[in-house]
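**Student:** Dumping the structure here so I can ask a few things about it.
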Amino acid sequence: MASLAGKPEDRMKLWKGERLFQIGFAVLVAVLVLAPPFLRSYHKRLLTEILIWGLFALAFDIIYGYTGMLSFGQALFFGVGAYGMAIPILRWDLNLWVALLFAVIASIAFAWPIGYFAVKVSGAYFVIITIIFSLIFFFIALDWRWLTGGDNGLTLTAPSIPLGNWKLSLVDPLTNYYFVLALVLACYLITRRIVASPLGKAFQAIRENEDRARVIGYKVERFKLISYIISGAISGLSGALYAATSRYANVDFLHWTVSGDAVVWTLVGGAGTLIGPMIGSGLLIVFEDYVSSWFKNYPIIVGILVIGVVITAPQGIVGLLRERFGRKER
Amino acid sequence: MKPLTTDRSVLETEGLTKRFGGLIAVDRVNFSMREGELRAIIGPNGAGKTTFFNLISGCLSPSEGRVFFKGEEITHLPADQISRRGIARTFQITSIFPNITVYENIWAAAQTKKGFLNPLVHSSRLMDIRKRVEGILEIVGLHDKSGEIASNLSHGDQRLLEIGIALGTDPHLLLLDEPTAGMSVKETRETMERVKELSCKLSIIIVEHDMSVVMELADTISVFDFGRIIAEGPPEEIKRDERVQEVYLGGRSNDSEGRRHSHLLR
C-alpha cells in the first residue's frame with residue numbers, strides 16, 4: 001500500500017520486507033508439501049504434530065497477540081475439540097467431516113458463554129478467570145469417566161476421510177499429514193485475512209488502547225468476545241486434528257500446562273505475527289524432541305533457552321526479523 | 001445565559017452534576033451551544049472542565065442532570081454509542097494507539113461507523129475509508145509520517161495524532177481537551193490555525209487553561225470555576241468580566257490559585 005509510507009526509502013524497505021516474507025513463506029510451504037514423502041515415518045508424525053500445535057499457537061495469537069488478552073485457558077477448547085472429534089466417531093460412528101464440524105461447534109459452544117463472562121474483566125483478572133474456567137472443566141472431565149474415559153481417555157481406530165466415492169485412511173502417516181497440512185494452511189490463510197480486515201483492525205485497536213478504542217466507538221466487550229470465540233474455535237479444530245492423528249483423546253489435553261505451551265511458543269516466535277507462533281512451536285518441539293533423546297531433564301534446557309530468547313528478543317523471533325527487514329503491514 | 005435555540009442546538013445540558021464522594025466536580029451546569037459554534041471553556045485547574053467533557057462523552061456517568069445532543073437525550077449512554085452518534089473527543093493526556101502506524105491509528109477510528117466489520121475483506125480495499133484517512137492526515141499535517149509507529153512521534157505530533165484519531169470518527173461535535181498542552185509556541189500557533197479551519201466544518205468545544213490561546217479564536221467563552229459556569233459571553237466581554245478577573249487575578253480569601261493564573265489573562 002503505497003500510501004502507508006511517506007518517504008521513498010521507507011516504502012522501499014516496506015516493499016522489500018513484504019517481498020522477503022512472501023518468498024520465505026513460499027519456500028516454507030513448498031518444503032512442507034514436497035519434503036514429507038522422503039521423511040521417515042517418525043518424522044512425518046513429528047511434522048504433523050508440529051502443524052497441529054502450530055495451529056493451536058496461532059489460535060492463541062489471535063486472542064493474545066492481536067487482541068491483547070492473555071488467555072491462560074485455551075487448553076479447554078483444545079480438549080473440547082479433541083473430545084468433540086473422538087466421541088462422535090467412537091460412540092455415534094459419524095464420519096470424519098461431521099465429527100470435525102461437531103468438534104468446532106462444540107468448542108464455540110464452550111467459548112461463547114465462557115467468553116461472555118471472561119471479557120467483562122481485563123488484565124490479571126482475565127488471566128485468572130480463564131485459568132479457573134479451564135481448571136473447572138479439567139476436573140469435570142476427570143470425574144465424568146462415562147463421557148471422557150477419565151485418566152485413560154478414549155482410544156479410536158484410525159478414522160477414514162470420505163471423499164466422494166473413495167475413502168482415504170488416516171492410518172497412512174502421509175495421508176494424515178497432508179490432511180492436517182491442508183486444514184492448517186487454510187486456517188492460516190483465513191486468519192491472515194481476518195487480521196488484515198476491519199475486524200482485525202478493531203482487535204488491534206483494543207490491544208493497543210482499550211479505553212481509547214471505546215471512546216472512538218468500539219463496543220469493546222463485543223469485539224473481545226468475537227476474538228475469544230474465533231480463537232476458541234481454532235483451538236478446538238487443532239484439538240480435533242490432534243485426536244484424529246494420535247487416535248486418542250485424554251483429559252490431559254485440558255490441563256493448564258497445554259495452555260502454557262501456547263503462551264511460550266507464541267512469545268518465542270513473536271506475538272501478533274501469526275506465522276511467529278507457528279514457527280515458535282515448530283522450533284521448540286524439534287528442540288525438545290532432540291534434547292529429550294539424550295537428556296532426561298530436558299525441560300530445564302528448554303526453559304533456559306526460552307528465557308534467553310524472551311530476554312534478547314522480547315518481540316520474538318519473527319518480531320526481530322520484521323524489525324530487521326522492514327515492518328510488514330498488518 | 002444565552003436563550004436556548006433548540007432547533008439548531010448541538011449540545012445542551014440541564015443541571016448536569018457530578019459528585020465524587022463529598023466533592024462536587026460539576027455543579028448543576030446548564031450549558032447550551034449552537035450548531036457550528038466554536039466554544040472555549042476556560043477556568044483554573046480543578047474547575048471541572050475535563051469532568052464536564054467526561055460527562056458529555058460518556059466516559060463518566062452524571063450523578064444528576066441530562067445531556068442532549070442535537071435535541072436527543074444521550075445521558076447515561078455508553079461512550080462507544082455517543083461516539084457513533086457524532087461526538088468525538090481528545091484527551092488532555094495523550095491517548096493514542098502506540099505500537100501501530102499513524103495511518104492505522106486514524107484508520108481504527110475511521111471504520112467504527114461501519115455497522116458491520118467484515119472479517120473477510122482486506123482493509124486496503126475499502127476505498128472510502130482510505131480516502132477519509134488520507135484527508136485527515138492532510139488536515140492534521142501528518143501525511144509524511146503516516147508510516148511511522150505512533151509511539152516514535154514527537155510529543156507535538158502525538159498531540160496532532162490525538163486530534164486526527166478524534167476526526168477519524170467523522171464527528172459533528174469535537175471536544176478538544178487542552179490540545180496544545182506541552183506544545184511549543186510555534187506548534188501551538190499552527191495547531192490553533194488548524195482548529196480554526198476545522199471550525200468551519202464542525203462544532204467544536206475547546207478546553208483551555210491558557211486564556212490567551214483561545215482569545216482570538218472562540219465565538220463564545222464559558223468560564224468554569226468550582227464546577228460552575230461563572231461567566232459566558234464573547235471573548236472581549238469575558239476579559240472585562242469582574243468575576244472572571246476575580247478567578248484569574250485573585251480576589252478570593254485564599255488567592256494563591258488566582259495569582260498563579262494571573263499571567264494567563266492578558
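**Student:** Among the residues of segment A:65-90, which ones are part of a helix (DSSP H, G or I) and among the β-branched types (Val, Ile, Thr)?
**Tutor:** Of segment A:65-90, the ones part of a helix (DSSP H, G or I) are A:65-66, A:75-90.
Correct list: A:Val80, A:Ile87, A:Ile89.
**Student:** Pull up segment B:151-188, narrow it to residues that are in contact with a Ser or Thr (Cβ under 6 Å, 6 or more places away or on another chain) and among the charged types (D, E, K, R), then point me to the one that is nearest to B:Glu72 (Cα to Cα).
**Tutor:** Among those residues, the one meeting the criterion is B:Asp177.
**Student:** Under the condition of being more than 13 Å from A:Val215 (Cβ to Cβ) and of a type in the set (Gly, Ala, Ser), which residue from segment B:87-115 is farthest from the other protein chains (Cβ to nearest Cβ)?
**Tutor:** B:Gly115
**Student:** Just wondering, is there one or more residues in segment A:200-208 that are surrounded by fewer than 18 Cβ atoms within 10 Å (Cβ to Cβ) and either of a type in the set (A, V, I, L, M, F, W, C) or within 30 Å of B:Ile56 (Cα to Cα) (or both)? Full working, then the answer.
**Tutor:** Filtering segment A:200-208 for residues surrounded by fewer than 18 Cβ atoms within 10 Å (Cβ to Cβ) gives none.
No: segment A:200-208 contains no residue that is surrounded by fewer than 18 Cβ atoms within 10 Å (Cβ to Cβ) and either of a type in the set (A, V, I, L, M, F, W, C) or within 30 Å of B:Ile56 (Cα to Cα) (or both).
Each row is one residue, and each column tells you yes or no for (1) open to solvent by 20 Å² or more (accessible area, probe 1.4 Å); (2) at pLDDT 90 or above; (3) closer than 15 Å to A:Pro159 by Cα.
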| position | (1), (2), (3) |
| --- | --- |
| A:Ile52 | no, yes, no |
| A:Leu70 | yes, yes, no |
| A:Gly73 | no, yes, no |
| A:Gly79 | no, yes, no |
| A:Leu101 | yes, yes, yes |
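**Student:** Next up: Restricting the search to segment A:12-41, which residues are of a type in the set (A, V, I, L, M) and without any contact (Cβ under 8 Å) to a residue 60 or more places away in the chain?
**Tutor:** Step one: filter segment A:12-41 for residues of a type in the set (A, V, I, L, M), giving A:12, A:14, A:20, A:23, A:26-35, A:39.
Scanning segment A:12-41 gives A:Met12, A:Ile23, A:Ala26, A:Val27, A:Leu28, A:Ala30, A:Val31, A:Leu34, A:Ala35, A:Leu39.
**Student:** Working only within segment A:154-180, note down all residues that are without any contact (Cβ under 8 Å) to a residue 12 or more places away in the chain and touching a Pro at 6+ places or on another chain (Cβ under 9 Å).
**Tutor:** Of everything in segment A:154-180, those that are without any contact (Cβ under 8 Å) to a residue 12 or more places away in the chain and touching a Pro at 6+ places or on another chain (Cβ under 9 Å) turn out to be A:Leu168, A:Ser169.
**Student:** Ok, one more. With the requirement that a residue be within 14 Å of B:Thr90 (Cα to Cα) and open to solvent by 30 Å² or more (accessible area, probe 1.4 Å), what does segment B:32-53 give you?
**Tutor:** Narrowing segment B:32-53 to residues within 14 Å of B:Thr90 (Cα to Cα): B:49-53.
Passing the criteria: only B:Thr50.
**Student:** Given the conditions (1) in a helix (DSSP H, G or I); (2) in contact (Cβ under 8 Å) with a residue 24 or more places away in the chain; (3) open to solvent by less than 30 Å² (accessible area, probe 1.4 Å), which single one is not true for B:Ile204?
**Tutor:** (1)
**Student:** Could I ask something else about it? How many of the residues making up segment A:279-330 are more than 16 Å from A:Gly17 (Cβ to Cβ) and not in a helix (DSSP H, G or I)?
**Tutor:** Looking only at that region, the number is 7.
**Student:** Just give me the residues in segment B:68-86 being more than 8 Å from chain A (Cβ to nearest Cβ), basic (Lys, Arg) and either within 16 Å of the chain's Cα centre (by Cα) or within 20 Å of A:Ala205 (Cα to Cα) (or both), in sequence order.
**Tutor:** Correct list: B:Arg85 only.
**Student:** Another one. Could you please tell me which pairs satisfy a Cβ distance under 8 Å, a separation of 6+ or placement on different chains, a first residue in segment A:181-201 that is over 21 Å from A:Arg45 (Cβ atoms), and a second residue that is of a type in the set (Lys, Arg) and modelled with pLDDT under 95?
**Tutor:** From residues that are over 21 Å from A:Arg45 (Cβ atoms), the pairs are A:Val195/A:Arg330; A:Ala196/A:Arg330; A:Pro198/B:Lys114; A:Gly200/A:Arg330.
**Student:** If A:Gly239 satisfies all but one of (1) over 30 Å from B:Gly164 (Cβ atoms); (2) over 17 Å from the mean Cα position of the chain (by Cα); (3) of a type in the set (Gly, Ala, Ser), what's the number of the condition it fails?
**Tutor:** Every condition holds for A:Gly239 apart from (2).
**Student:** What is the one condition in (1) under 17 Å from B:Thr112 (Cβ atoms); (2) touching a helix residue (DSSP H, G or I) at 6+ places or on another chain (Cβ under 7 Å) that B:Leu160 does not satisfy?
**Tutor:** (1)
**Student:** Now a separate question. Restricting attention to segment A:8-29, does a residue exist that is within 14 Å of chain B (Cβ to nearest Cβ), modelled with pLDDT of 95 or more, closer than 26 Å to A:Asn209 by Cβ and not in a loop (DSSP other than H, G, I, E, B)?
**Tutor:** Looking for residues that are within 14 Å of chain B (Cβ to nearest Cβ), modelled with pLDDT of 95 or more, closer than 26 Å to A:Asn209 by Cβ and not in a loop (DSSP other than H, G, I, E, B), one finds none in segment A:8-29, hence no.
**Student:** Looking only at segment B:116-147, how many residues end up being more than 8 Å from chain A (Cβ to nearest Cβ) and not hydrophobic (A, V, I, L, M, F, W, C)?
**Tutor:** Counting residues in segment B:116-147 that are more than 8 Å from chain A (Cβ to nearest Cβ) and not hydrophobic (A, V, I, L, M, F, W, C) gives 7.
**Student:** Working only within segment A:111-125, note down all residues that are surrounded by fewer than 21 Cβ atoms within 10 Å (Cβ to Cβ), in a helix (DSSP H, G or I) and touching a residue at least 60 places away in the same chain (Cβ under 8 Å). Spell out the reasoning first.
**Tutor:** The initial filter retains those residues of segment A:111-125 that are surrounded by fewer than 21 Cβ atoms within 10 Å (Cβ to Cβ), namely A:112-113, A:116-117, A:120-125.
With in a helix (DSSP H, G or I) added as a condition, the list becomes A:112-113, A:116-117, A:124-125.
Result: A:Trp112, A:Tyr116.
**Student:** Another question, then. Within segment A:303-324, can one find any residue that is among the acidic types (Asp, Glu) and more than 29 Å from A:Leu181 (Cβ to Cβ)? Steps first, please.
**Tutor:** So in segment A:303-324, the residues among the acidic types (Asp, Glu) come out as A:323.
Filter once more, keeping what is more than 29 Å from A:Leu181 (Cβ to Cβ): A:323.
Yes, segment A:303-324 contains at least one residue that is among the acidic types (Asp, Glu) and more than 29 Å from A:Leu181 (Cβ to Cβ).
**Student:** Would segment A:250-264 turn up any residue that is farther than 30 Å from A:Ile311 by Cβ, among the β-branched types (Val, Ile, Thr), surrounded by 22 or more Cβ atoms within 10 Å (Cβ to Cβ) and away from chain B (no Cβ under 13 Å)? Write out each step before concluding.
**Tutor:** Our first condition is that a residue be farther than 30 Å from A:Ile311 by Cβ; within segment A:250-264, this holds for A:250-254.
When the remaining residues are screened for being among the β-branched types (Val, Ile, Thr), the result is A:251.
In the following step, the residues that additionally are surrounded by 22 or more Cβ atoms within 10 Å (Cβ to Cβ) were identified as A:251.
After this cut, where a residue has to be away from chain B (no Cβ under 13 Å) as well, the list is A:251.
Yes.
**Student:** Continuing with this model, one more query. Looking only at residues in segment A:155-212 that are β-branched (Val, Ile, Thr) and within 30 Å of A:Val121 (Cα to Cα), which one is nearest to the other protein chains (Cβ to nearest Cβ)? If you could, list the steps in order and put the result at the bottom.
**Tutor:** Of segment A:155-212, the ones β-branched (Val, Ile, Thr) are A:155, A:157, A:161, A:171, A:175, A:180, A:184, A:190-191, A:194-195, A:206.
Within this subset, residues satisfying the condition of being within 30 Å of A:Val121 (Cα to Cα) are A:190-191, A:194-195, A:206.
Values: A:Ile190: 8, A:Thr191: 10, A:Ile194: 5, A:Val195: 9, A:Ile206: 9 Å.
Going through the qualifying residues, I end up with A:Ile194.
**Student:** Then there's this: Hey, among A:Tyr178, A:Tyr218, which residue is of a type in the set (Ser, Thr, Tyr) and under 30 Å from A:Leu39 (Cβ atoms)? Write out each step before concluding.
**Tutor:** Values: A:Tyr218 fails: under 30 Å from A:Leu39 (Cβ atoms).
Only one candidate passes the filter, namely A:Tyr178.
**Student:** I'm trying to understand the selection: among the residues of segment B:50-93, which are on the phi > 0 side of the Ramachandran plot and in contact with a Gly (Cβ under 6 Å, 6 or more places away or on another chain)? Walk me through it before giving the result.
**Tutor:** As a first pass, look at segment B:50-93 and keep what is on the phi > 0 side of the Ramachandran plot: B:58, B:65, B:70-71, B:76, B:86.
Passing the criteria: only B:Gly65.
**Student:** At pLDDT 90 or above, within 11 Å of another protein chain (Cβ to nearest Cβ) and in a helix (DSSP H, G or I): does that describe B:Leu167?
**Tutor:** Details: at pLDDT 90 or above: yes; within 11 Å of another protein chain (Cβ to nearest Cβ): yes; in a helix (DSSP H, G or I): yes.
Against the criterion (at pLDDT 90 or above, within 11 Å of another protein chain (Cβ to nearest Cβ) and in a helix (DSSP H, G or I)), B:Leu167 qualifies.
**Student:** Yes or no: segment B:115-130 includes at least one residue that is modelled with pLDDT of 90 or more and open to solvent by less than 30 Å² (accessible area, probe 1.4 Å).
**Tutor:** yes
**Student:** Something else now. I'd like the residue in segment B:170-189 that is over 23 Å from B:Ala110 (Cβ atoms) and not aliphatic (A, V, I, L, M) and, out of all such residues, is nearest to the other protein chains (Cβ to nearest Cβ). Break it down stepwise before answering.
**Tutor:** To start, the set of residues in segment B:170-189 that are over 23 Å from B:Ala110 (Cβ atoms) comprises B:178, B:180-189.
Subset that is not aliphatic (A, V, I, L, M): B:178, B:180, B:182, B:184, B:186-189.
Values: B:Glu178: 16, B:Thr180: 20, B:Gly182: 18, B:Ser184: 22, B:Lys186: 21, B:Glu187: 19, B:Thr188: 23, B:Arg189: 24 Å.
Looking at the filtered set, the residue picked out is B:Glu178.
**Student:** If you go through segment A:31-58, how many residues are part of a helix (DSSP H, G or I) and over 21 Å from the mean Cα position of the chain (by Cα)?
**Tutor:** Of segment A:31-58, the ones part of a helix (DSSP H, G or I) are A:31-34, A:36-38, A:41-58.
After this cut, where a residue has to be over 21 Å from the mean Cα position of the chain (by Cα) as well, the list is A:34, A:36-38, A:41-42.
Of the residues in that region, 6 qualify.
The values are calculated or read from the model by the stated rules, or taken from the named source; none is laboratory data. On a predicted model such as this, the values are computed, not experimentally measured, just so you know. Counting neighbours? That spans all protein chains shown, and the Cβs are built from the backbone with ideal geometry, glycine included. Calculation scope for accessible area: heavy atoms of the full protein, side chains included, ligands and nucleic acids excluded. Shrake-Rupley method; radii C 1.70, N 1.55, O 1.52, S 1.80 Å.
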